[in-house]
1. Suppose every Lys and Arg Cβ carries +1 and every Asp and Glu Cβ carries -1, with no other charges. What dipole size does chain B come out with about its Cα centre, to the nearest 20 debye?
2. Per DSSP helix of 4 or more residues, -39500 (n - 2.57); summed, then divided by the residues of chain A. What does that give at 222 nm, rounded to the nearest 500?
3. Give me the net charge of A:Thr19's neighbourhood, meaning all other residues with Cβ under 12 Å from the Cβ of A:Thr19; Lys, Arg count +1, Asp, Glu -1.
4. So what is the 222 nm mean residue ellipticity for chain C from helices alone, if each DSSP H run of at least 4 adds -39500 (n - 2.57) and you divide by all residues, rounding to the nearest 500 deg cm²/dmol?
5. So who's got an amide H within less than 5 Å of the one on B:Tyr150, skipping anything under 5 residues away but keeping other chains? H placed 1.01 Å off N, in plane.
6. What translational D, rounded to a whole number of µm²/s, comes out for region C:3-105 from Stokes-Einstein when the hydrodynamic radius is the Kirkwood one over Cα pairs, at 20 °C and 1.002 mPa s?
7. Give the separation of the Cα centroids, region B:225-273 to region C:29-74, in Å.
8. If you take the charge dipole of chain C about its Cα centre, with +1 on Lys and Arg Cβ and -1 on Asp and Glu Cβ, which of C:Ile12, C:Thr91, C:Ala168 is farthest toward its positive end?
Amino acid sequence: MAGIWRTAASAVLFVVALTMLVDFAWEDPALQGVATDLNNWAVVIGAFALGLGAYSLIVRHGRIISKKQTMWPYSIVLLLTMFAFIVTGLITGSVTSSEYGWIYSTIIQPLSSTLYGMNAFFIASASYRAFKARSWEALVLLVAAIFIMLKNAPIGYAINPILPAIGGKIWDVAGSTGMRAILIGIGIGTLALGLRVIIGQEKTPLGGAD
Amino acid sequence: MSVIQLLNRNYKQVIYLCLFVAIAIPLMKPMGLPVPIDQTTRDVYNRIDALQPGDVAVMGSNIGAAIYAEVYPQYVAILEHLFRKEGVKVILVDHGTEGPIFAEKALNEIKAYDRKTYGVDFVHLGYIAGGEAAISGLCRDLHELLEVDYAGHSLEDLPMMDDINDANDFTIVLDFTASADSQFWLNQAYAPYGTEVAFGLVAVKVPDAFAYYTAGQIFGIIESLKGAAQYEVLIGRPGIAVKGMDAQSLAHLLYIVLILLCNVVYFHGRGKR
Amino acid sequence: MLIAGRYAWTAITLIFSILMLTFLYLSSKRIYVPQIREHPGVRAIVEAIGRAVEMGRPISYSPGIASIYSTKYAADTAAGLTILNYTARETAKTGAKLIVGIAPPTVLPIAEDIVRTAYLMEGRPEDYIEEETVQFYSPNQWGFATSYVGMMHREHVAANFLFGEHAAEAMVIAESGATVGAMQVAGSTNVYQLPFFLVACDYTLIGEDEFAAAAYLSPDPVQKGIIFGQDLTKIICAIMIVIGALLTTAGIDLLSRILSM
């Protein structure tokens, strides 16, 4: 049964992918209409995926609570918080209501901002620990980092306008060049993955990780 | 214990304390450092300033709580500038789940509903699931994808949406995000329709976007909090971003001092051996 | 008819696709299986495991926070799981303790299967402990990051491996690993996190290095074929860049006009 499902899914994937690819290059009103419909179905599926994500979380953490696995009290906290958000949103009818905004700004926003802001402290300690000029490459890296930091903050311009100008040149010439090369690699890699998925060689998106 | 020994043993505590002080003091007592304007920010400003009545500006957003501090000030500054342009239509659309929260917050912050008429001058389409498929659908045929806006009003009841059908009708697109979904607008609006696109990004994403900027595929970048501060200066509305620049300056200076110090300690240790 | 302005895109996509599919076919039929050199990152993995054994401390592994069904990051996650297979087998051989931290629920059963099988193949099935060797934390990136960091501190890991897709939590995890004194090997195609890995980790596989390492370690010849096809397309791009740069410098915009068609 799993084999038939995977074959059918691969066939659908192949046809849909080919339709979208050909639509990008070939001008045909009928094809364009089909491609637009397929695109919009993807949006609907994306919306359902959100609900599926919530469902799998409930199932997963419900199992942890029922079997009293490691850190099960936190699963209770997670589910209670999730239901509080869902119920508030449903009752008030909007995520921009004052009630929803209150719990969002008192729970989610401080937590997310704090965790993201921790990066600044970690970068500081990493700068002290790791930016040692152990080799010529490391020396180039740290000199470039210094000039880029002076470019990215007004203090560089205040000390001397030449400093951010040097940082800008490093950014324009070396940084974006390297980035462009990486982007080309990513683009080719994405094409390769797309081809493997389309022809059915890459089974993981269809649940067939071997 | 010497300073070098202290730094080697408890360096993390000392560094975190110094960073906290470096950020906290300028926020409480601003130094007022001048904010030089980058060309990437100026290009966005000039392009928006050149918009004519009837032009359509689309503001895409994937702003969330984590990137709020960096990207939200950019969003507000650009929205303020757009709302100062007479006759320019603004469409707000979100491709992140938390986007509508910050879109409405920004609209309320600039008093959008008092200044202009909803449905005539601006529309908030809300969050559309599906990632790149959602943006593709918007660019292909907006009315085929959506029937109602964020508040549930039918698009047919919103006069400005009558003449806006696909990406050919968008004059510019500005996307505010921290992740790779800025690529979506390039793929779905710029590549097939030639729509002009600019980004408002967090600092880590800027090198990636810069490659597109130098190639002329995007017309500008608002680079993190620095870009937001520059834009606030350009529109003459200094806000939280400009205040944050002094803190950022001192923090960057601290990082540079730490890098130099770690090399002093390293070479001191090597010399001893 | 072809849409004007997309002729070059169509031609390039077709040529690159045919090239990659050709080598995919040749390698799948074992007509031609390209040889991939041993990646230095693989040696770093072995070195880190050896260090952990000497110190008598555990090894932690994260295959990333992206789902295996993600269209964008599936390849990253798959590469992370391939390297997990290798790491688990090397760890089982040495008798070190392995702890795998999982973010997306979809990856959990796959990772459990990979690690359990690896221990079985090395003749140490008793070393695999259900729900302890492979631990599910949270699909939320920050929930996962805090859990993984807490585990690293509690277990005082000696080696930490970060492969697959990592986002903003990469710096938090990598620096915490450095704090506990772990030797760290990381790899990701998420270029925005590479600077953090480079600073905080002992060894970093940059971009497609991760895929190359996974292809080197994987018994599947198709992975090697597709890497080879990708490398050929990159060579074509490099040649076009050089020719284009020379022509543009000489004031000839022929290549630009061709690519804009």
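A short reminder: the numbers here are calculations on the coordinates, not readings from a lab. Note that the coordinates shown come from a computational prediction; the quantities given were computed from them, not determined experimentally. Note that we place each Cβ from the backbone using ideal geometry, even for glycine, and neighbour counts take in every protein chain shown.
1. Magnitude of the dipole: close to 2340 debye.
2. Counting only the DSSP helices, I get -26500 deg cm²/dmol.
3. Cβ neighbours under 12 Å give a net charge of -3.
4. Mean residue ellipticity at 222 nm (helix-derived): -19000 deg cm²/dmol.
5. B:His124, B:Leu125, B:Gly126
6. So the translational diffusion coefficient is about 126 µm²/s.
7. Result: 36 Å between the Cα centres.
8. It is C:Ile12.
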